[in-house]
Amino acid sequence: MDTNQIMKADILDLIFEGKNKDYGAYELRKTYNRRVMIAIGGMAIACLLFFLSQVLANDNDEDKNKIIVQDVQLEDIKKAEEKKPEPPPPPPPPKPEPPKVEITKFTPPKIVKDEEVKEPPPPVEKLEETKIGTINQEGKKDEGFVAPPVEEKGTGVVEAPKKVEEDYDKVFTKVEKEAKFPGGPDGWRKYLERNLNANVAADDGAPMGNYTVKVQFIVDKEGSISNVQAIEVPKACPSCGPEAVKVIKKGPKWEPAVQNGRNVIYQAIQYVTFQVAEQ
C-alpha cells in the first residue's frame, strides 16, 4: 500500500493488510459500530414500549379504584323502649311468733310472819297446770310447748380442781432431788478408786483407751441399793460390767431421792469408766 492510500485507509485496512479479509473477523469488526447502534436503539424502543404499557395500566387501575360516593337516606328507626327496672321481690313474711305458754312465777318458800308476806306462793293446782318460771305470763295451757328456761343463779362458790394424789410407792425416774452417794461426787469417785480392780480391762486384753460401763439400779426410800444391772458393757472389756456391779452392790446406803418433800423409790443411772494406759 502506497503512502497516499495509507493516509486515506481505515484502521482495519491497515490491520488486515495482506490478510484474508473474507475469513469473517474483518467483516465483524467493520460492522461493529453499526450493530451496537442497532442494539441500543432496539433496547430504547423496548423500554419506551414497557413504560407506555405501565402508564396505561395505571390509568385503568385508577378508573377501577375510584370511590363512588352516593347519598344514602337511612330509614327512621324507632328506638326500643327502655326496659323498666323490675320491682324488687317482696320481703319474706315475718316468722310467726311462737305461741305464748302460760307461766306461773314460782316464789321460793320462806317462813315469815303473815304481815310480812308480800307475794304468796301460787297454789299447787295451778303449778301443775302451767309451766313454772321466773315471771308470770298469760297464754295457752302447756300442750307440749317448751317454756323459757328457769333462770338459775349460781352459788358464787368456785370449787378448786381436785388434786390427783400421786402414788409415792412407784419407781420414779424423774424427781425434784435425785438420790446420791454419801459425800457427793467426790466421795463416789474415791469409793470407786479404792474398790474397783483397775486392771480388769487390761486383763481382758483391751487396747489402750477408756471403757465405760452403764449401770442401772434402784435406791429405795431408806437408801438401800438393789436390782443392780450393767445395761451397757464395752465389747473389748466383757469383765468390766460384772466388776462395776459387784462394787456398787457392796457399797454403803445412798441418800434417797425426794419428791414433794417425801422419800421415794428412785431408779438411778451411774457410769463407771475403766482405763488402759500406755505401758
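Computed from the coordinates by the stated procedures, all read-outs in this text should not be read as laboratory data. Since the structure is predicted, the reported quantities are computational estimates derived from the model, not experimental observations. Reconstructed Cβ throughout: ideal geometry from the backbone, glycine too, with neighbour counts over all protein chains shown.
Restricting to segment 213-267, and then to whatever is under 17 Å from Leu192 (Cα atoms) and basic (Lys, Arg), can you tell me which residue is surrounded by the fewest Cβ atoms within 10 Å (Cβ to Cβ)? Looking at residues that are under 17 Å from Leu192 (Cα atoms) and basic (Lys, Arg), I get Lys250.
Every residue, every condition in (1) touching a helix residue (DSSP H, G or I) at 6+ places or on another chain (Cβ under 7 Å); (2) closer than 14 Å to Lys250 by Cα, yes or no:
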| position | (1), (2) |
| --- | --- |
| Leu196 | yes, yes |
| Asp204 | no, no |
| Gly209 | no, no |
| Ile218 | no, yes |
| Glu222 | no, no |
